[in-house]
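Below is one structure, written out as C-alpha cells; comments come after it.
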Amino acid sequence: MDISLYIAKRYLFSKKSVSAINIVSGISMLGVFVGSAALIIILSVFNGFETLILSMYNTFTPELRIEPATGKTFDPNTGAFKTLKTDKNVASFAEILQEKALLRYGTSQFIGTVKGVTANYANYKNLDSTVLQGSFTLNKGDESFAVIGSAVQNYLSININDEFRDIEIYSPKKGVKSSLNPAEEFSIKSIHPHGVFAAQQQFDDLVIVPLEFARSLLNEDKEVSFIELNLAEGVSINDFQSKLKKDLGNAFLVKNRSQQNELLYKILNSEKWAIFLILTFVLIIAIFNIIGSLTMLVIDKKKDIAILSSLGADRSLIRNIFFSEGMMISLIGCVFGMLVGFIFCILQQKLGFIKMGAENLITNAYPITIQWTDSFLVFGTVVVISVMASFIASHLSVKQAQDLKGSL
C-alpha cells in the first residue's frame with residue numbers, strides 16, 4: 001500500500017486531539033454527501049419532466065420530417081420519395097398539406113391551421129390517447145370528417161354531437177386579384193367535426209382533415225407541405241436521417257424531433273443546466289471546506305510532520321498525505337450521496353410519495369427518469385473540484401514543514 005495513502009487513512013479515522021477537527025471534517029463530508037445526492041435527484045426530476053413533456057409532443061411529432069429548404073410545398077411524386085414509401089425501414093409514410101385558414105362555426109370565427117393528412121396518419125402510436133371527445137375518424141365511406149384541437153373547440157364553441165352544423169373553412173384562392181365580392185377571393189368548404197383532441201398548445205389550433213379535402217380547399221393538386229416518417233422498430237433515427245440527407249440533397253431539410261421542436265429542447269436543457277450549475281456552486285463551497293479541515297489537521301499533526309521530515313520524508317510525501325486525506329473525505333461523501341440519491345429516485349418512481357400538490361395534472365407525483373450518465377457527470381464534477389481543493393490544501397499544509405522539523 002502507498003505510504004501516503006496509508007497514513008491519510010489513519011488520520012481520517014483516528015481520534016484527533018482537538019474534537020473540532022473531526023466536526024469540521026464531518027461537516028465537509030456531509031456537505032459533499034448532500035450536494036451529490038441533490039444533484040442526482042434534481043437531474044433525475046428534470047429528466048422526468050423532459051420525458052413527460054416530450055412524450056406529449058411526440059404524439060403529434062413524427063420521428064423524422066422532410067420539408068423543402070425553400071418555399072412552402074414540393075412534389076412528393078419523384079423517384080426518391082416513391083422509393084422511400086416502400087422502404088422496409090419506414091413504418092409509416094404520411095404526406096401532409098398544411099396551411100392557415102379562417103374557421104367559422106355559427107357566428108364565431110377563429111384563425112386555425114388546416115392539416116390535410118393521408119389515411120395512414122390515423123395509425124400513429126398513442127394518437128387515440130389524445131382524443132377528448134368522439135373518435136379520430138377522418139373518413140366514413142365517401143364522407144370526410146375533421147378532428148379538431150381543443151383550442152378550436154373552445155374558441156368556436158363546437159358541439160361535435162350536433163349533426164346539423166358543420167365547420168366552414170375559408171382559404172384564399174391562389175392568383176385571384178381583388179374582387180368586388182370578397183367571397184369570390186376565398187375557397188369555402190364545410191366539414192363536420194368527428195372528434196376533439198388535446199395535446200400541446202401549439203397543436204391545439206389544428207383542424208385535421210383528409211388530404212384530398214385539403215387539396216380541394218387549398219387548390220393544390222399534387223404538392224405537399226412536408227412528409228412525416230416514423231421508422232420501424234430498431235432502426236437508428238440518426239443513421240437513417242443522415243442517409244436521407246445524403247439521398248435528398250440540399251433541396252430538402254430532414255429534421256428529427258429535437259430539430260422540429262428546437263425551442264422546446266433548448267428551454268428544457270437550459271433550465272436543467274442552470275439548476276446543475278447552481279447546485280455545483282453549492283458543492284464547491286462544501287468541498288472547499290476541506291481546506292479548513294486539512295489546515296486544522298496540519299496543526300494537530302505538526303509533531304507527526306516533524307518526525308516524518310526528520311526521517312527523510314520530503315515535501316512531496318507530506319503533500320500526498322494531505323492530498324489523499326482531502327480526496328477521501330470528498331469521494332466517501334460523493335459515493336454515499338449518489339447512492340442515497342439513486343435510492344430516493346427509485347422509491348419515487350415506484351411509490352410516488354412526493355406529490356406535486358395540485359389536482360387535474362397529467363401526473364400527481366414528481367416524475368423521475370434515471371439516466372446512469374448522470375452518475376458519471378456528478379462523480380466527475382466532484383472529482384475535479386476535490387482535486388483542486390485538495391491540491392490547494394496539501395500545498396498550504398507543507399509550507400512550514402521545514403520549520404516544524406526544527407520544532408520537534
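Which numbered condition in (1) among the β-branched types (Val, Ile, Thr); (2) in the same structural domain as Met338 (by TED's automatic domain parsing); (3) touching a residue at least 40 places away in the same chain (Cβ under 8 Å) is the only one that Ile278 fails?
(3)
Would you check if Glu325 is at pLDDT 70 or above and acidic (Asp, Glu)?
yes
Can you name the number of the only condition in (1) surrounded by 18 or more Cβ atoms within 10 Å (Cβ to Cβ); (2) at pLDDT below 75; (3) closer than 20 Å to Ile23 by Cβ; (4) not aliphatic (A, V, I, L, M) that Asn289 fails?
For Asn289, the failing item is (2).
Look through the stretch 103-120, keep the residues that are surrounded by fewer than 18 Cβ atoms within 10 Å (Cβ to Cβ) and of a type in the set (A, V, I, L, M), and return whichever of them is nearest to Ser225 (Cα to Cα).
The selected residue is Ala119.
Can Ala80 be described as at pLDDT below 90 and more than 30 Å from Asn154 (Cβ to Cβ)? Talk me through it step by step, then tell me what you get.
Working: at pLDDT below 90: yes; more than 30 Å from Asn154 (Cβ to Cβ): yes.
Against the criterion (at pLDDT below 90 and more than 30 Å from Asn154 (Cβ to Cβ)), Ala80 qualifies.
Could you list, in sequence order, the residues of the stretch 331-353 that are at pLDDT below 85 and surrounded by 12 or more Cβ atoms within 10 Å (Cβ to Cβ)?
Our first condition is that a residue be at pLDDT below 85; within the stretch 331-353, this holds for 352-353.
Result: Gly352, single match.
Looking at (1) of a type in the set (S, T, N, Q); (2) over 15 Å from Ile208 (Cβ atoms); (3) at pLDDT 90 or above, which one does Gln153 not meet, given that it meets all the others?
Failing condition for Gln153: (2).
Kindly indicate the residue of the stretch 50-59 that is over 14 Å from Lys266 (Cα atoms) and of a type outside the set (Ser, Thr, Tyr) and also surrounded by the fewest Cβ atoms within 10 Å (Cβ to Cβ) among those meeting that condition.
Across the stretch 50-59, the extreme among qualifying residues is Leu52.
Within the stretch 51-85, how many residues are charged (D, E, K, R) and touching a strand residue (DSSP E or B) at 6+ places or on another chain (Cβ under 7 Å)? Show your work before the answer.
Taking the stretch 51-85 first, the residues charged (D, E, K, R) are 63, 65, 67, 72, 75, 82, 85.
Next, from what is left, pick out any that are touching a strand residue (DSSP E or B) at 6+ places or on another chain (Cβ under 7 Å): 63, 65, 67, 85.
Of the residues in that region, 4 qualify.
Look at the stretch 334-357 and say how many of its residues are touching a helix residue (DSSP H, G or I) at 6+ places or on another chain (Cβ under 8 Å) and small (Gly, Ala, Ser).
Summing the residues that are touching a helix residue (DSSP H, G or I) at 6+ places or on another chain (Cβ under 8 Å) and small (Gly, Ala, Ser) in the stretch 334-357 gives 2.
The values are calculated or read from the model by the stated rules, or taken from the named source; none is laboratory data. Here the structure is a predicted model, which is why all the values come from computation and not from measurement. Because the Cβ atoms are built from the backbone with ideal geometry, glycine has one as well, and the counts that use them run over all protein chains shown.
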